[in-house]
Amino acid sequence: MKHLPNIITALRIVGSIGLLFCNVAGWQFWTLYVFCGISDMIDGWLARRLHVESKTGSVLDSIADLSFMACCAIQLLPILSIPSWLWMWAGIIVIIKIVNQIIALIYIKRFCFPHTIANKLTGFLLFIAVPTIGWHIIPIVIVAITATFAAIQEGHSIIHWRATSIER
């Protein structure tokens, strides 16, 4: 029972890779998409509920999040019509996240992916907004606003973590 959250997270990685072999217009893609999204919400909750939270689980969750996001992007971005200003905004968010990781490597000597509430909210909003992309741009703009705040907060969390670890 104590490995169940990590097993669910590992299945999300497998499901994410499975997305690459599905037709985006097919039910298989969207079934895996929903499975991956729901498993992302369940694994951490289950780990806390069972009192089996671990550093390994946290890292595995970050890997699963990145896998899911990357596989969705590989499949969906080529077929979407996204305005150039939104691409630039996404690029700025990516740059902030890269700078955050450089700061983490310099100050704490490792990558750091804080699971902040803003990051969790961004993931949830992205999960529910992706299926609406073809209908309207507003849900993605809301995700972009939230993701921008989350990226900035993530950097603050990394710097704050560094400050508090020095004081210990």
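Overview of results
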read-out: Cβ-Cβ under 8 Å pairs, at least 6 apart or on other chains, the stretch 86-112 side farther than 13 Å from residue 152 by Cβ, far side aromatic (Phe, Trp, Tyr) and at pLDDT below 90; value: 101/111; 104/111; 105/111; 108/161; 112/161
read-out: Qualifying residue in the stretch 114-129 (condition: touching a Leu at 6+ places or on another chain (Cβ under 8 Å) and surrounded by 13 or more Cβ atoms within 10 Å (Cβ to Cβ)); value: no
read-out: Qualifying position, being out of contact with any helix residue (DSSP H, G or I) (no Cβ under 6 Å at 6 or more places or on another chain), modelled with pLDDT under 90 and farther than 16 Å from residue 120 by Cα, among 58, 81; value: 81
read-out: Subset of the stretch 36-93 (residues that are among the polar types (S, T, N, Q), surrounded by fewer than 15 Cβ atoms within 10 Å (Cβ to Cβ) and either part of a helix (DSSP H, G or I) or in contact with a Phe, Trp or Tyr (Cβ under 6 Å, 6 or more places away or on another chain) (or both)); value: 56, 84
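The values are calculated or read from the model by the stated rules, or taken from the named source; none is laboratory data. Note that the structure is predicted; figures quoted are calculated from it, not measured. Cβ coordinates were reconstructed from backbone atoms using ideal geometry, including for glycine residues, and neighbour counts include every protein chain displayed.
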